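Each remark here refers to the structure printed beneath this line.
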Amino acid sequence: MKKSKVYQPSEVELEILQILWEKQPASVRLVYESILENREVGYTTILTFMQRMTKKGILVRTKKGKTHFYKAVPKEKEVQDTFFNKLLKNVYKGSSMKLMIHALGQDHGQITEADLDELQRLIEVKKKQSNL
């Protein structure tokens, strides 16, 4: 049986997908303006990327009046899982514990009390599932 290939978007494709997951359906203009908030980019560059992504089957396009609207085909969680598994395997040699220790031990962002409470809740759930 042939194993299906998991879609791994490029950096720009991922940026477009993240906007669409939040705001879809969205026009090229909306995606372009969202990206423009963070960095300089040409409208035609975004248009070209979105057209290519549509040809690849990553986006679907519908037309309302003269405007084309786009939706993401892959689900956000599917893409997150793909990147997570690749990171876990290639950087942390498959060790979830090493990844978590690194994430919690580094100053990569603000960890809130609510985040720690949620983490504690997840730990308790895992302990119960494992009968620990």
Fill in the blank from the handout: Dividing the mean separation of Cα pairs under 8 Å (6+ apart) by the residue count of the chain yields a relative contact order in percent of 21 percent
Completion exercise
Taking a probe of 1.4 Å and leaving out DNA, RNA and ligands, the chain shows per residue an accessible area in Å² of 78 Å²
Exercise for the section: Note the angle between two axes, namely the Cα long axis of helix 43-56 and the longest principal axis of the Cα atoms of the chain, as a number of degrees from 0 to 90, rounded to the nearest 10. Expected result: 70 degrees
Exercise for the section: Counting residues in the range 77-132 as N, plug N into 2.2 N^0.38 Å and put the Cα Rg over that result. Expected result: 1.28
Handout entry: Residue-averaged [θ]222 nm for the chain, counting only DSSP H segments that reach four residues, each worth -39500 (n - 2.57)
Key = -19000 deg cm²/dmol
Practice task
Note the angle between two axes, namely the Cα long axis of helix 96-105 and the longest principal axis of the Cα atoms of the chain, as a number of degrees from 0 to 90, rounded to the nearest 10.
Solution key: 80 degrees
Handout entry: Value of D in µm² per second that Stokes-Einstein yields for the chain, Kirkwood Rh from Cα pairs, at 4 °C (1.567 mPa s)
Key = 73 µm²/s
Practice task
Over the range 35-112, consider all pairs of different Cα atoms and compute the Kirkwood hydrodynamic radius from their mean reciprocal separation; express it in Å, one decimal.
Solution key: 16.0 Å
Handout entry: Solvent-accessible area, 1.4 Å probe, carbon plus sulfur percent, for the chain
Key = 53 percent
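The values are calculated or read from the model by the stated rules, or taken from the named source; none is laboratory data. Note that the coordinates shown come from a computational prediction; the quantities given were computed from them, not determined experimentally. With ligands, DNA and RNA removed, areas are computed over all heavy atoms of the protein, side chains included. Shrake-Rupley method; radii C 1.70, N 1.55, O 1.52, S 1.80 Å.
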